[in-house]
């Protein structure tokens, strides 16, 4: 879909603002024909608890259970899931994963947006590479059909004030050298200081894939300084709501109404649980189809109860998918083998999470 077939590169020919086709086909550009960019102002950051509580309460959260925290109960749950067919063992070409996700895309209505919210471990090598394989024809010679957007956990405006989104847009349009886009320095400073080198390379490769495949990329996160301040003034729960609300509204500025846009989110696993990003997406677009997919494994890690149980069952080096119905943790869990991955060190979380850190609303 690259080259002349990429719809948003026609702006070079027609003399419109360079990113005209990236922002809802120019709907947000009316009256700005002489401007250099069609990029609208970023959403207002909701940084008061009252505003965030109003958003959260505008749509009741579904009543969902959580995976057992007790490891004996979790082991029994997984064994029963295998017996009942809830677990699908994945072949080396990952065809079962493609079929699962493609089925979710294809079953949506023609005018219904689909949000595939992938939750990864920030310190784990190989998980972004797995998502990259899904969105391009890579080593497994397969690719998801219908994906239009990537929503990434990068700040839209840097702490120093430059537009990371505009930098991405220029890359998508003009193909500037990727070295200028390698993972933004503010992300490195706040999120990526402990990332394995291979994971950082995979994140940069996502940009190259987006250029080649004509994906519309949203640098969706709030500025890192705002997030850090929010943790101090709002606490863990509402600082997350603030960032996720901002991200969802950033993506909403970018999609086209009346057609099926398919958005692949690559965010941390905590954001993928059903009361986080999926809930904020449902508030913004009640018609949307939202699927939460947590990627597990990919390294030797004993911080998660899920990993310890999987190791005891002898499944650590096997690929499998668990389909969860009515669970807060995710709709699907994809477990990747750990062999050959970087060793994950220095993890100490309390309380000990099952799959990801889950924050409950303050009472």
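Readers should treat all values here as calculations from the given coordinates under stated rules, not as data from a laboratory. For clarity, every value in this text was computed on a predicted model and none was experimentally measured. No Cβ is skipped: glycine too gets one built from the backbone with ideal geometry, and neighbour counts run over all protein chains shown.
Some notes on this structure:
- Order by protection proxy (mean Cβ within 10 Å, highest first), peptides 86-98, 210-222: 210-222, 86-98
- Per-pair calculated FRET efficiency, R0 = 25 Å: residue 159 and residue 44 via Cβ, rounded to 0.05: 0.90
- The slack in the chain from residue 256 to residue 122, taken as 0.36 nm per residue of separation less the alpha-carbon distance, amounts to 45.2 nm.
- Expected 222 nm ellipticity per residue - DSSP helices of 4 or more, -39500 (n - 2.57), all of the chain, to 500: -10500 deg cm²/dmol
- Distance between the pseudo-spin-label points of residue 201 and residue 71 (7 Å out from Cα toward the beta carbon): 3.4 nm.
- Separation of alpha-carbon centers, region 203-259 and region 73-103, rounded to whole Å: 30 Å
- Crossing angle, helix 224-233 versus the chain [Cα axis fit, 0-90 degrees, rounded to tens]: 60 degrees
- Modelled FRET efficiency - R0 25 Å, residue 106 with residue 51, Cβ distances, 0.05 increments: 0.10
- For the chain, the longest principal axis of the alpha carbon atoms and the long axis of helix 197-213 meet at an angle near 50°.
- Potential extension, residue 89-residue 25 segment - 0.36 nm per residue separation minus Cα distance: 18.9 nm
- Correct option for Cα Rg over 2.2 N^0.38 Å [calculated from the coordinates] among [x] 1.53; [y] 0.97; [z] 1.03: [y]
- Multiplying the residue separation of residue 141 and residue 213 by 0.36 nm and subtracting their alpha-carbon distance yields 24.5 nm.
- With Cα atoms, 0 to 90° folded angle of helix 164-174 axis to the chain main axis: 70 degrees
- Shape call, region 1-113: gyration tensor on alpha carbons, a/c limit 1.5: oblate
- Residues in region 283-312 that a label on residue 61 would reach, taking backbone N under 14 Å of a point 7 Å out along Cα→Cβ: 283
- Share, in percent, of DSSP beta bridges within the chain that are antiparallel, nearest 5: 20 percent
- Projected label distance in nm at residue 302 and residue 360, using a 7 Å step from Cα toward the beta-carbon: 2.8 nm
- Packing, as the average of other Cβ atoms within 10 Å across residues, places the peptides 35-48, 265-278, 17-30 in the order 265-278, 17-30, 35-48, highest first.
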